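Structure record follows, encoded as structure tokens.
The values are calculated or read from the model by the stated rules, or taken from the named source; none is laboratory data. Predicted model only: the values in this text are computed from it and were never measured. Glycine also receives a Cβ, built like all others from the backbone with ideal geometry; neighbour counts cover every protein chain displayed. Ligands, DNA and RNA are stripped out before the accessible areas are found, and what is left, the full protein with its side chains, is counted by its heavy atoms. Shrake-Rupley method; radii C 1.70, N 1.55, O 1.52, S 1.80 Å.
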Amino acid sequence: WVLDYARSDSSSYTPKSATYAVTQQGDSMIVDRETPGTGRTITVYLLNGHARKNTLRLVGTATEATSLTTWRHDSLIVNTSSMPAVKTLVQRDNCTLDTDGPRLRIHREARYDGRAMESPTLVFTRTA
């Protein structure tokens, strides 16, 4: 999946470019992300209702995060919490495939230290 910057919401959190490789192995979904400035991150999410810990790079620092996935209709919801800089960050990603084409939309809502942050929608196009 390649970020379609022109179709994505503009925000201070929207990268200029990004690629995601998503695979499923048993009850795990593995997302291999590559973004400029952040580099490569591999994150594993469990699809069996259990939480999974990962290490994310947030604000240039490796941070432990816990994610839990659930399905809501045709959307995969990923709830992630972490504590970068000793303050709580809670993110909810709503991941949906478009019915009219090979696009993935990820709408992110986040709260840092209790305050709402920007909520962009990133649009990705499937590659071969």
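The phi-based Karplus calculation (6.51 cos²θ - 1.76 cosθ + 1.60; θ = phi - 60°) puts the 3J(HN,Hα) values of region 19-34 at 10, 10, 10, 10, 10, 10, 10, x, 9, 10, 10, 10, 10, 9, 9, 9 Hz, whole numbers, x for Gly and Pro. Other residues with beta-carbon under 15 Å from the beta-carbon of Leu122 carry, at +1 per Lys or Arg and -1 per Asp or Glu, a net charge of +1. Within the accessible surface of the chain, defined with a 1.4 Å probe on protein heavy atoms only, the carbon and sulfur portion equals 52 percent. For region 1-67, the residue among Asn48, Ser67, Trp1 whose Cα projects farthest onto the positive side of the dipole built from Cβ charges is Ser67. Near the amide H of Leu58, within less than 5 Å, lie the amide hydrogens of Thr63, all on another chain or at least 5 residues away, with H placed in the peptide plane. Computed over protein heavy atoms with a 1.4 Å probe, the accessible surface of the chain works out to 61 Å² per residue. What the pair-distance distribution of region 69-126 shows, using all Cα-Cα distances binned every 10 Å from zero, is 24, 44, 25, 7, 0 percent. For region 64-69, backbone phi angles converted through the Karplus equation (6.51, -1.76, 1.60; θ = phi - 60°) give residue-by-residue couplings of 6, 10, 10, 10, 9, 10 Hz, Gly and Pro being listed as x. Our coupling estimate for region 100-114, obtained by passing each phi through the Karplus curve with A = 6.51, B = -1.76, C = 1.60 and θ = phi - 60°, is 9, x, x, 10, 10, 10, 10, 9, 10, 10, 9, 10, 10, 6, x Hz, Gly and Pro reported as x. Taken along its principal axes, the alpha carbon cloud of the chain reaches lengths of 42, 33, 26 Å, longest axis first.
Using DSSP to call loops (not H, G, I, E or B), can you name the trypsin sites (Lys or Arg not before Pro) in region 6-102 whose Cβ has at most 15 other Cβ atoms within 10 angstrom? Taking region 6-102 and a limit of 15 other Cβ atoms within 10 Å, the loop trypsin sites (Lys or Arg not before Pro) found are Arg7, Lys16, Lys87.
Within the chain, what's the longest run with no chymotrypsin sites (Phe, Trp or Tyr not before Pro) in a DSSP loop and at most 14 other beta-carbon atoms within 10 Å? Give the range, please. Result, exposed sites excluded: 14-128. How big is region 36-108 by the Kirkwood estimate over distinct Cα pairs, in Å? Value: 13.5 Å, from the Cα pair sum.
Comparing Asp32, Asp100, Asp74 in a Gaussian network model of the chain (Cα springs below 10 Å), the most mobile by mean-square fluctuation is Asp100. The Cβ shell under 12 Å around Ile42 holds other residues with a net charge of +1, Lys and Arg each +1, Asp and Glu each -1.
Computed from point charges on the beta carbon alone (+1 for Lys and Arg, -1 for Asp and Glu), the dipole magnitude for region 18-83 about its Cα centre is near 140 Debye.
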